[in-house]
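Okay, so here's the structure we're looking at.
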Amino acid sequence: MRRPFIAGNWKMNLNLASSVSLVEKLIEGLSGVDGVEVAVCPPSVYLHAVCQAASGSILGVGAQNVYHEPKGAFTGELSPAMLKDVGCRYVILGHSERRNILGESSEEVNKKVEAALAADLTPIVCVGELLSERKAGRTHDVVRRQFDGSLSGLTAEQMTRAVIAYEPVWAIGTGEVATPQQAEEVHLGLRQLLESRYNKQVAEAVRIQYGGSVKPDNAAELLAQPNIDGALVGGASLEAEPFLGIIAGAKN
């Protein structure tokens with residue numbers, strides 16, 4: 001049985017005080033919660049403070065990006081070892097905003113995935129199609145291409161330590177959300193890709209999150225689908241009440 005995993009991607013939001021305050025409220029709200037893995041991914045400048053605030057709790061912390069080199073003259077970048085040093089356990093890679101706004105390729109994502117795994121960080125690897133691609137009937141082709149490129153060369157053991165997040169770009173921050181049936185169809189397709197590349201055991205082990213306007217009122221139905229193992233949450237993770245409501249949907 002795959003353990004549900006709910007992660008909050010704070011993107012470029014909040015400040016130092018509100019980040020720490022949110023963590024404190026989440027820890028209080030998570031008291032007694034069992035069977036759900038929970039993490040938050042703050043902006044990099046707040047990682048140290050958030051890790052300190054979450055220390056000793058069930059709340060994990062992740063970064064929103066990492067660079068694939070261990071050290072060197074790479075101004076503005078952070079290495080996997082630096083993330084581990086401040087207390088991170090996870091890192092989001094290949095988010096659509098990095099792919100489509102910042103021009104990050106699947107080949108670059110792949111290097112970062114390898115580097116994250118080598119540092120014992122759990123990569124949350126994002127895939128998903130644009131609205132134009134869905135309308136053209138290319139969803140599965142796009143997702144497969146991103147899957148193949150971003151996760152190229154991973155051993156079966158490495159793959160089981162990664163998380164995949166399906167995020168249809170047209171549903172991120174738009175208020176639109178894939179229906180549970182639309183999301184489940186893509187998640188099932190990803191599971192089949194895993195089985196085709198590896199085997200049934202790997203396919204059954206890897207967790208696949210859904211992301212895209214997840215809220216407390218739609219979380220339970222989405223998370224009830226057999227191949228949806230959690231959520232990568234954007235806007236609703238910026239306040240304790242809605243984020244805890246989504247976690248409750250996973251718990252139920």
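No lab work stands behind these numbers, since they all come straight from the coordinates. Source: prediction; values computed, not measured. Quick reminder, even Gly has a Cβ in these numbers, built from the backbone with ideal geometry, and neighbours come from all protein chains shown.
Between segment 149-165 and segment 71-121, how many Å separate their Cα centres?
14 Å
Hey, fewest Cβ within 10 Å first, where do F5, F243, F147 land in order? Let's see the in-between values first.
Working: F5 23, F243 28, F147 20.
Result, fewest neighbours first: F147, F5, F243.
How large is the dipole of segment 5-251 about the Cα centre if only Lys and Arg carry +1 and Asp and Glu carry -1, each at its Cβ, rounded to the nearest 20 debye? It would help to have the intermediate numbers written out before the result.
Values: 21 positive and 29 negative charges, 60 e Å.
Using Cβ point charges on Lys, Arg, Asp and Glu, segment 5-251 gives about 280 debye.
For segment 85-100, take each phi angle, set θ = phi - 60°, evaluate the Karplus expression 6.51 cos²θ - 1.76 cosθ + 1.60, and give the result in whole Hz per residue in order, putting x for glycine and proline.
4, 8, x, 6, 10, 9, 8, 7, 10, x, 4, 4, 5, 6, 5, 8
Give me T139, T179 ranked fewest to most by other Cβ atoms within 10 Å of their Cβ, as a rough exposure proxy. Write out the running numbers ahead of the final one.
On the way: T139 21, T179 11.
Listed from fewest to most nearby Cβ atoms, that is T179, T139.
Set the Förster distance to 22 Å, then compute FRET efficiency between D85 and M12 from the Cβ-Cβ distance, nearest 0.05.
Numbers: r = 23 Å, r/R0 = 1.03.
Taking R0 as 22 Å, the efficiency between D85 and M12 is 0.45.
Zone of Q225 (label point 7 Å along Cα→Cβ, backbone N under 14 Å): which residues in segment 1-31?
Taking a point 7 Å out along Cα→Cβ of Q225, no residue of segment 1-31 has its backbone N under 14 Å.
Which of L131, L93 comes first, and how do the rest follow, when ranked by fewest Cβ neighbours within 10 Å?
L131, L93
Among Y90, Y46, Y210, which one shows the biggest mean-square fluctuation in a GNM of the chain, springs joining Cα atoms closer than 10 Å?
Result: Y46 has the largest fluctuation of those listed.
Tally Lys/Arg at +1 and Asp/Glu at -1 over every other residue whose Cβ is under 13 Å from the Cβ of G230; what's the total? Mind dumping the intermediate values first?
Numbers: positive: R2, R3, R207, K251; negative: E37, E167, D229.
For residues surrounding G230, the net value is +1.
Where Lys and Arg each count +1 and Asp and Glu each count -1, what net charge lies around A119 among other residues with Cβ under 15 Å from its Cβ? Please list the in-between numbers first.
Values: positive: K71, K84, R89, K111, K112, R161; negative: E69, E77, D85, E114, D120.
Local net charge: +1.
Calculate the FRET efficiency for N252 and T174 from the Cβ-Cβ distance with a Förster distance of 30 Å, rounded to the nearest 0.05.
Working: r = 26 Å, r/R0 = 0.87.
Efficiency for this residue pair is about 0.70.
Calculate, in nm to one decimal, what K111 and A73 gain on full extension: separation in residues at 0.36 nm each, minus their alpha carbon distance. Present the calculation step by step, with values, prior to reporting the outcome.
Details: separation 38, 0.36 × 38 = 13.68 nm, distance 1.74 nm.
Net length gain for the segment: 11.9 nm.
Using the charge dipole of the chain (Lys, Arg: +1 at Cβ; Asp, Glu: -1 at Cβ; taken about the Cα centre), state which of A136, P216, W10 has its Cα farthest towards the positive end.
Final value for the positive-end residue is A136.
Starting from the amide H of L93, placed 1.01 Å from N in the peptide plane, find each other amide H under 5 Å away whose residue is 5 or more places distant or on another chain.
Close amide H contacts, sequence-distant or interchain: I124, V125, C126.
Across segment 120-136, in residue order, what do the Karplus-derived ³J(HN,Hα) couplings come to in whole Hz, using 6.51 cos²θ - 1.76 cosθ + 1.60 with θ = phi - 60° and x for Gly and Pro?
After applying 6.51 cos²θ - 1.76 cosθ + 1.60, I find 6, 9, 8, x, 9, 9, 8, 9, x, 9, 6, 4, 4, 6, 5, 4, 7 Hz.
I208: net charge of surrounding residues, Cβ under 13 Å, Lys/Arg +1, Asp/Glu -1, itself excluded?
Every neighbour counted, the sum reads -2.
Pairs on different chains or at least eight residues apart, Cα atoms closer than 16 Å: how many lysine pairs in the chain fit?
Values: K71/K84; K71/K111; K71/K112; K84/K112; K215/K251.
The number of close lysine pairs in the chain is 5.
With contacts defined as alpha carbon pairs under 8 Å and 6 or more residues apart, what's the relative contact order of segment 5-251 in percent?
Working: 472 pairs, mean separation 50.6, N = 247.
Once divided by the residue count of segment 5-251, the mean separation gives 20 percent.
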